[in-house]
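Remarks on the structure that follows.
Just so it is clear, none of the values below were taken in a lab; they were calculated from the coordinates. Worth saying up front: this structure is predicted, and the values here are computed from it rather than measured. When we count neighbours, we look across all protein chains shown, and the Cβ atoms used for this are built from the backbone with ideal geometry, even at glycine.
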Amino acid sequence: MDRDATTDPIVTRIIAIVNQKGGCAKTTTAVNLAGCLALDGARVLVVDLDPQAHASIALGIDPEALDENLYEVLAEEEGAPRLADVIVPAGERLHVAPSGIVLSALEQKLAQERAETRTDRLARAIAALPDPYDYVLVDCPPNVGLLTFNALRAANEVIVPVETSHFALHGVHKLLETIALLAERLRIAPDVRILATLYDGRTRFARETLAEIRTRFGDACFDTVIRNSVKLREAARRGLPVARMAPSSNGAADYAALATEVAAHAPAQAEVPAETRPAAPQPREVVIEYREPGAADVRIAGDFNGWVPDRDVLSSTHQEGETCVWRKVLRLAPGTYEYRYVVDGEWCEDPANPERVATSIGPPNSVLVVR
Ligand SMILES: Nc1ncnc2c1ncn2[C@@H]1O[C@H](COP(=O)(O)OP(=O)(O)OP(=O)(O)O)[C@@H](O)[C@H]1O
Ligand SMILES: [Mg+2]
């Protein structure tokens, strides 16, 4: 995956691995998906956002032996290190931003800060990396607090591992609702997918749970299912991705399949690989108008402006009789775009556009096709 940095910009795919339920294989997925993506030639960073530091340990790092970790980066005290300063190598093309127990103090430390400046710290730290990665995988702790908020704010994709044993489905809907709510509040639209893990096909219960996951979540599920594999536990203990420790194990095969699926499923805002990218089409001006009465402030956000309301948009208003018309001029290359209006702070579909697309985390987005 070597590139000419001057001609091929890297668009980093940032994937948060989230589930408030403990032990559903978040860390195992972060570490082993990262290991397989790196073996396939990608540059990968694992961000260990869990104070338990299991991902750091599973990648052979001793958190106790480090002077600085993500806590210092995210606390942003004077003279604090940048993210690049705390990253340590964990294999070829594979790096880790390590955690430590001190990370559990971050929420308390930032309690007085405004929500916006508390939750965007990881996003800013990743954006400031001088040498971007192809993938950043963020391993989250088993709760939906400040650290997970930071992960969701930074990520454009979310993987929710769900174990196919016990009563794992309890809580998954609640989690998806929480993610949708957060996404709305943080004004982001991540692509959320479910990964069935810890699967033992010999038990009827696991088969039934898997069938239920597929029925409930449909296309939002990965085709890959991660089977039980003792080699995954052993690899974590040895501090290595399973693909390096036991390349012919079921665990290695399943995470290799997942890596292939992830690489093939780039969400809209991620770029097509350079080799297959056609010559860039020229952008042109596209005008759309919002004319519902009673609005005091109307903005537009979509995948064309990173879902930041009115960023890169020329905005004007004029009166047509009684109605105030909000005109938005966008410069867009031919393609299909998803967007929503933000009307007096509320995110809503374009009432004048019947073209909509379902999202995995909430109400549909409006669709704009530029030919
Ligand atoms: N497919 C698998 N086969 C066998 N063991 C597995 C598998 N996936 C995970 N494990 C083991 O299950 C345990 C929990 O996994 P893991 O630590 O990845 O979960 P987690 O969701 O990160 O937990 P926490 O919420 O505490 O962070 C670990 O001991 C891990 O080695
Ligand atoms: Mg974990």
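Its Cα centre serving as origin, the range 278-370 has a Cβ charge dipole (Lys and Arg +1, Asp and Glu -1) of approximately 340 debye. The charge dipole of the range 126-186, taken about its Cα centre with unit charges on the Cβ atoms of Lys, Arg (+1), Asp and Glu (-1) only, comes to about 260 debye. Between the helical axis of 204-217 and the longest alpha-carbon principal axis of the chain there is an angle of about 20 degrees. Can you classify the range 278-370 as rounded, prolate or oblate using the Cα gyration tensor, where a ≥ b ≥ c are the square roots of its eigenvalues, rounded means a/c under 1.5, and otherwise it's prolate if a/b beats b/c and oblate if not? Taking the square roots of the gyration eigenvalues as a ≥ b ≥ c, the range 278-370 is oblate. In plain terms, the residue of 26, 109, 328, 174 with the fewest other Cβ atoms within 10 Å comes first and the most crowded comes last, giving 174, 109, 328, 26.
This model, with +1 at the C-beta of Lys and Arg and -1 at the C-beta of Asp and Glu, gives the chain a dipole about its Cα centre of some 960 debye.
Taking every alpha-carbon pair within the range 77-142, the share separated by more than 18 Å comes to 45 percent. Between the residues 115, 140, 221, the greatest Cα displacement towards the positive end of the dipole of the range 13-272, with unit charges on the Cβ of Lys, Arg, Asp and Glu, is found for 221.
Based only on the alpha carbon positions, what is the Kirkwood hydrodynamic radius of the chain, in angstrom? Value: 21.9 Å, from the Cα pair sum. Projecting the Cα atoms of 154, 180, 24 onto the charge dipole of the range 13-272 (Cβ charges, centred on the Cα centre) puts 24 farthest toward the positive pole.
Working note: 222 nm ellipticity from helices only, DSSP H runs with n ≥ 4, each -39,500 (n - 2.57), summed and divided by the residues of the chain, gives -8500 deg cm²/dmol to the nearest 500. For the chain, the relative contact order is 17 percent, taking Cα pairs closer than 8 Å that sit 6 or more residues apart in sequence and dividing their mean separation by the residue count. What does the net charge come to around residue 364 if you take all other residues with beta carbon closer than 12 Å to its beta carbon, with K and R at +1 and D and E at -1? For residues surrounding residue 364, the net value is -2.
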